[in-house]
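The values are calculated or read from the model by the stated rules, or taken from the named source; none is laboratory data. None of these values were measured; they are calculated from a predicted model. Virtual Cβ from ideal backbone geometry, glycine too; neighbours counted across all protein chains shown. Surface accessibility is based on the protein's heavy atoms, side chains included, excluding ligands, DNA and RNA. Shrake-Rupley method; radii C 1.70, N 1.55, O 1.52, S 1.80 Å.
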Amino acid sequence: MATAAEQWVLVEMVQALYEAPAYHLILEGILILWIIRLLFSKTYKLQERSDLTVKEKEELIEEWQPEPLVPPVPKDHPALNYNIVSGPPSHSIVVNGKKCVNFASFNFLGLLDNPRVKAAALASLKKYGVGTCGPRGFYGTFDVHLDLEDRLARFMKTEEAIIYSYGFATIASAIPAYSKRGDIVFADRAACFAIQKGLQASRSDIKLFKHNDMADLERLLKEQEIEDQKNPRKARVTRRFIVAEGLYVNTGAICPLPELVKLKYKYKARIFLEESLSFGVLGEHGRGVTEHFGINIDDIDLISANMENSLASIGGFCCGRSFVIDHQRLSGQGYCFSASLPPLLAAAAIEALNIMEENPGLFAVLKEKCKRIHKALQGISGLKVVGESFSPALHLQLEESTGSREKDIKLLQEIVNQTGLLPSRPWGRVSVLESTVMPPFLLSLPRPPQDGSPHGLHVMGRGPSLDARVSITS
């Protein structure tokens, strides 16, 4: 029975072949031949060339020059010519053997050379040694680390805190720990470099809004809301984050946090707040921009800051709800794969927090001196001050750029020479320390001597941009 059926199918196929149009048969034949050719032909063809002699080969090898591993850099590049500091960078500083007034430190509260901080670090050094030689998850968690995390959480009035051994890695690790491919991050265009690297590592969809422009941010959020309505299934699994700084290190401006919180709840996003510059500076007790604006800290999903400014230590921390922080212990790359913070630095940070809690007047004094210095810097011909009057990091910018980097540098040098400042780049950053006594000194700075001898003031450049960081101490 099966044989008869097979014969009948074969007869039908032959009959269909006879009845098919001629052009159809020709086309199928061409396609079959082309497939056979592809199957049996070589995928590449060797280039025909004459064989080289051994001598010719050696000559070609000698003539060949590899591409340079790095682009050429001039020997006089600022990054290759260090300013060597001798001694602690307090109100005065010895740079390249010359004693100068320090305009280059973020030691806002003057705790770097504090006797209590140094004594706590020394006692920890004698007890634990220098380093830890292990990450937190592999015998690198010391009791002093847990003490510091507990102290930070209580100081910031959050459920939990986590510390990192490197300040830059804190926010750069925190962002990709939560935001993944397919998620959306709304970030300020003036965000610091650590945030930029964190965004890059997250591989999320990044949408930049104009600096501190809440109208532009809401426009982006509305556009995304419309996109979500078109694809609700994708929208249900897409997380949305808003990343901002408390005080922007690149501009000295404060973020409009109350407006950010309103947009967060309106468009169902999460807020990550980087407070490296505002922690230990803003607020009645130095808790940062949330305390400055009176915002409930629970409205912020994650707060990060480094301990390398006001706390005069090393490393950074994140704080927030316990389930949020615990996730970083599993996914924060800088936490999981770096040796933990040296115990002596953790002990120093704890003592610095003690001093901050015992002396809340530090922050009012710092704020008042920031305002005095901001006012004192006004009126310098050719320069304008950029940044909040209460910010300890101010920027000095040329009123009008010449359009040429070299000419801008020369012009700024001429202007600051008249006022006694010596930055090397046409954008200056001024950092103010709590212990600053400023106005008479700033307004009567002598013109620098022509013989190149020290005049008691020094400015340090920082970063690839045209800027110099300046700090003022008594």
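List of remarks:
- Within the straight-line cut-off of under 18 Å between alpha carbons, the aspartates and glutamates reachable from Lys98 are Asp451, sequence neighbours fewer than 8 places apart in one chain being disregarded.
- Fully extended contour minus Cα-Cα distance, from Ala119 to Val70, at 0.36 nm per residue: 13.2 nm
- Those lysines that a straight Cα-Cα span of less than 17 Å connects to Lys180, excepting residues fewer than 8 apart in one chain: Lys197, Lys207, Lys234
- At R0 = 60 Å, FRET efficiency that the Cβ-Cβ distance of Ser92 and Glu223 yields, to 0.05: 0.70
- Among 201-210, 119-128, 183-192, the order from most to least packed when residues are scored by Cβ within 10 Å on average: 183-192, 201-210, 119-128
- Theoretical gain in end-to-end length, Asn83 to Asp299 [0.36 nm per residue, Cα-Cα removed]: 73.5 nm
- Extension reserve of the Asn354-Ser41 stretch, reckoned as 0.36 nm per residue once the Cα distance is removed: 104.8 nm
- Relative contact order of region 115-358, pairs being alpha-carbon contacts under 8 Å that are 6 or more residues apart, as %: 32
- Ranking of Asp408, Asp76 by solvent-accessible surface, largest first: Asp76, Asp408 (1.4 Å probe, protein heavy atoms only, all chains present).
- Charge dipole of region 115-358 (Cα centre as origin; +1 on each Lys and Arg Cβ, -1 on each Asp and Glu Cβ, all else neutral): 840 debye, rounded to the nearest 20.
- Theoretical FRET efficiency, 1/(1+(r/R0)^6), r = Cβ-Cβ of Ser322 and Lys99, R0 56 Å, to 0.05: 0.70
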